[in-house]
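*Asks:* I am attaching a structure below and will ask some questions about it afterwards.
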Amino acid sequence: MGNTYRIKDIAKMSGVSAGTVDRILHNRGKVSEEAYKKVNKVLKEIDYQPNLIARSLALKKSYRFIALIPLFAEGEYWAELCNGIDKARQELFSYNVEVERLYFDQYNQQSFDELIPILEQTDYQGVVIATSFYSSVMRLTQLLDQKKTPYVLIDAFIDKTNCIAYYGINSFDSGYIAGRLLYDQINKTDNIVIFRFTHKGDVQVTQEIKREEGFRNYLLEKDFGGNIYTLLLEANDPNKNTAILDNFFDKHKDINAGIIFNSKAHLVAQHFKQKLKQFFLIGYDVIKSNTIYLENGYISYLIAQRPEVQGFNCIRALFRHIILKEEVNRINYMPIDILIKENIKYYNNYI
């Protein structure tokens, strides 16, 4: 629709000169704020879409985005998010947009820190950051601010940054909802357990911290009278986990409900299936290994956040901001999807 309008048509509709319109469309030269508002109003009204393919090819300009993503295995949560990134990359190929991934261990903050010097010496136009480690992300975003490089946050929103956009669920609210889901299934004085996976020491990522805050806040509001235990498990040691879980439940036979604030609920559910133990378990993220245990009753609820949609939109946001020169919404919360075995087959995370 917008391509049917010529510059002189837009100038006439805006009440400014064709030269002013040209400078605004191509982001060159200075124009008055009043002229900019007039032209921008008309552009929105006519849904103007510039021929960016022709322009980018003519200028032979390329754009490189970097995505900082946790290492993952096929079928895991981050694989779904990267599917969305890849779909956006394929869609924007004609605009000379490339997307490179740099990986870190989500349970090892040092592995994230080691990427920062790489970014200091690399040429790129935009960055996507999985906000696993708060202090490290703050260091990185300060560097990007100094370089005036736009960046998008995923995983958890950090309000003390100058990100152009965030895509993800409201972590606190999702934890709050999880608190309600669990509270409705137990007595007010029942004991419960939070499962937490670690690699090197007791390391929690930003999103999980926010989720747990929301969870505990709901229980506090309800004057929950039971004990909340935290059980640390090893991310890469299933044999050790079996011993830890056996020992814990031998000592706490009364505990029949708990939660894990990441996508590894299937690792805990697997233990309950092997022991034929009935347990009310809440987990996060619709990945195949989780849905199997949801369908057979060893996970009671999954809270989902549409990772493929997030991955797609974060790349699109950089594209719109850097290349289209459009304003993008800063906070873009995903729906907080609550899934049970009866509705999981209808769930659609895809673009």
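*Asks:* So which aspartates and glutamates can K38 reach, going by Cα to Cα under 17 Å and dropping same-chain residues fewer than 8 places off?
*Replies:* K38 reaches D9, D22, D47, E326, E327.
*Asks:* For the chain, what relative contact order do you get, as a whole percent, if you take Cα pairs closer than 8 Å and at least 6 residues apart?
*Replies:* 17 percent
*Asks:* My understanding is that a pair violates if its Cα-Cα distance is over 21 Å; which of K264/K288; K253/K277; K8/K37; K61/K148; K240/K341; K12/K37 do that in this structure?
*Replies:* K240/K341
*Asks:* In addition: Determine the per residue accessible area of segment 141-204 with all protein chains present and a 1.4 angstrom probe, expressed in square angstrom.
*Replies:* That works out to 42 Å² per residue.
*Asks:* When the accessible area of segment 118-246 is computed with all protein chains present and a 1.4 Å probe, what percentage of it is carbon and sulfur?
*Replies:* Of all accessible area on segment 118-246, carbon and sulfur atoms account for 44 percent.
*Asks:* Can you list the aspartates and glutamates whose alpha carbon sits under 18 Å from that of K222, skipping same-chain ones fewer than 8 residues off?
*Replies:* K222 reaches D173, D184, D190, E212, E213.
*Asks:* Post the alpha-carbon centroid distance, segment 119-197 to segment 265-292, in whole angstrom.
*Replies:* Their Cα centres are 24 Å away from one another.
*Asks:* Now a separate question. Can you name the helices of the chain, as whole DSSP H runs, whose Cα span along the helix axis is 15 Å or more and whose Kyte-Doolittle mean is not below -1.0?
*Replies:* Counting only whole DSSP H runs, the qualifying helices are 33-46, 77-91, 134-146, 171-183, 238-251, 265-275, 307-322.
*Asks:* Based on the Cβ-Cβ distance of D184 and N83, what FRET efficiency does E = 1/(1 + (r/R0)^6) give at R0 = 56 Å, to the nearest 0.05?
*Replies:* Efficiency at R0 = 56 Å is approximately 0.95.
*Asks:* Mind running the shape call on segment 242-302? Use the C-alpha gyration tensor, a ≥ b ≥ c as the square roots of the eigenvalues: rounded below 1.5 for a/c, prolate if a/b tops b/c, oblate otherwise.
*Replies:* prolate
The values are calculated or read from the model by the stated rules, or taken from the named source; none is laboratory data. On a predicted model such as this, the values are computed, not experimentally measured, just so you know. Positions of Cβ are backbone-derived with ideal geometry, glycine not excepted, and every protein chain shown enters the neighbour counts. Please note that ligands, DNA and RNA were not included when accessible areas were found on the heavy atoms of the full protein model with its side chains. Shrake-Rupley method; radii C 1.70, N 1.55, O 1.52, S 1.80 Å.
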